[in-house]
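Have a look at the structure below before the remarks.
The values are calculated or read from the model by the stated rules, or taken from the named source; none is laboratory data. Since we're looking at a predicted model, the values are computed, not measured. Glycine also receives a Cβ, built like all others from the backbone with ideal geometry; neighbour counts cover every protein chain displayed.
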Amino acid sequence: MIQAKVKLTFPSALQFVVETGSGHKLIIDDLIGRTGPKPIELMAGALAGCTAFDVVTILRNKKHKNVTAYEVSVDAEQRQAPPQVFTNVRIHHSITGDDIDPQSVEDAIRLSEVKYCSVGEMIRQSGAGITTTYSIHPTGAAASDDLATAERVAVVA
């Protein structure tokens with residue numbers, strides 16, 4: 001069972017401390033307070049973290065790839081009216097290493113999206129569309145310096 005509790009830390013402002021079941025604490029806030037992320041930002045971060053753990057673990061442990069750097073970004077559009085749920089989500093994986101091939105990356109992303117990433121599945125079940133892309137960079141190249149491999153769309157069946 002996943003547990004979390006929220007405590008109001010300052011009654012005159014909208015700032016809360018979230019304490020997870022494993023004892024970790026973080027501050028959440030709104031746009032006015034600006035002392036922590038908004039709860040919806042945590043959803044995007046949770047999605048990035050969930051798929052990142054899956055993909056890098058599969059690439060390193062199952063595909064035996066030497067991943068030297070890895071970044072995941074999530075951009076999400078929200079419905080204008082409350083509840084402002086995600087409507088469209090774009091995930092981009094930027095993988096750096098010298099022996100990384102597109103098929104291994106696509107296999108890892110597919111497994112994350114259809115089998116392992118529970119956060120992605122929750123977002124998908126809310127009705128949001130998710131599009132995933134990736135780029136592969138040779139070791140020593142900057143993540144944005146993508147001369148070797150163009151951005152590709154990961155097709156998940």
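Note on the range 44-72: residues that are of a type outside the set (Phe, Trp, Tyr) and in contact with a helix residue (DSSP H, G or I) (Cβ under 7 Å, 6 or more places away or on another chain) amount to 12.
Within the range 51-63, is even one residue aromatic (Phe, Trp, Tyr), modelled with pLDDT of 95 or more and touching a Cys at 6+ places or on another chain (Cβ under 9 Å)?
There is at least one residue in the range 51-63 that is aromatic (Phe, Trp, Tyr), modelled with pLDDT of 95 or more and touching a Cys at 6+ places or on another chain (Cβ under 9 Å).
Only residues that are assigned to a helix (DSSP H, G or I), within 19 Å of residue 75 (Cα to Cα) and under 14 Å from the mean Cα position of the chain (by Cα) were counted across the range 104-134, and they come to 10. Screening the range 83-140 for residues that are β-branched (Val, Ile, Thr) and more than 16 Å from residue 70 (Cβ to Cβ) and picking the one that is surrounded by the most Cβ atoms within 10 Å (Cβ to Cβ) gives 123. Pairs meeting the criteria (first residue in the range 14-26 and of a type outside the set (Val, Ile, Thr), second residue surrounded by 10 or more Cβ atoms within 10 Å (Cβ to Cβ) and outside any strand (DSSP E or B), beta carbons under 6 Å, at least 6 apart or on different chains) are 14/30; 14/33; 15/9; 15/29; 15/33; 15/35.
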